[in-house]
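Novice: Handing you this structure, nothing more for now.
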Amino acid sequence: MAEKTVVHLLRHGEVHNPQGVIYGRLPGYHLSDLGRQMALAAADFFAERPVVAVFSSPLQRAVETATPVAQRRDRADELGRPCSRHRELLHGYVGAIRILYVCAEPLRA
C-alpha cells in the first residue's frame, strides 16, 4: 500500500481591524486577542498529528497564526520566508479554499 500524505491548510486567525479596512496584502495587520487564541487552538489541534513541515505566507497575520504550531515542532525558522521549493500564489484558489503555497518538490521529514 502506498504511503499517504495529508496536507492541512490553515487560514490565519482573526485580524485586529477596528476600522474595517479591506487590507488584503497590506502590511501591519496583526492578530486580535481572539486571533491569538485561535492560533493556540490550532497548535493544540496539530500537537497530536504527525506534522513534518510548517510553512506560512510572509504576511504578519499568517506568521502569527502559524508560529505556535511551528514552535511546538521546532520549525519556527520555516515561517514567513519563501524558499526555493515553494512559490507564492497571490490569488490562487481550490474550490473555496485559498492556497498560499504550492509545493514544487516533495517534503522530507
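The values are calculated or read from the model by the stated rules, or taken from the named source; none is laboratory data. All values derive from a computational prediction rather than experimental measurement. When we count neighbours, we look across all protein chains shown, and the Cβ atoms used for this are built from the backbone with ideal geometry, even at glycine.
Novice: Taking segment 15-56, which residues are at pLDDT 85 or above, within 16 Å of the chain's Cα centre (by Cα) and hydrophobic (A, V, I, L, M, F, W, C)?
Specialist: VAL15, LEU31, MET38, ALA39, LEU40, ALA41, ALA42, ALA43, PHE45, PHE46, ALA47
Novice: Among LEU59, LEU79, LEU10, which is the only one that is of a type in the set (A, V, I, L, M), modelled with pLDDT under 80, surrounded by 13 or more Cβ atoms within 10 Å (Cβ to Cβ) and under 13 Å from the mean Cα position of the chain (by Cα)?
Specialist: The conditions single out LEU79.
Novice: Looking at GLY24, is it surrounded by fewer than 10 Cβ atoms within 10 Å (Cβ to Cβ) and among the small types (Gly, Ala, Ser)?
Specialist: Considered against the rule, which asks whether it is surrounded by fewer than 10 Cβ atoms within 10 Å (Cβ to Cβ) and among the small types (Gly, Ala, Ser), GLY24 comes out as yes.
Novice: Quick check on my filter: what residues within segment 45-77 are hydroxyl-bearing (Ser, Thr, Tyr) and assigned to a loop (DSSP other than H, G, I, E, B)?
Specialist: Selection gives SER56, SER57.
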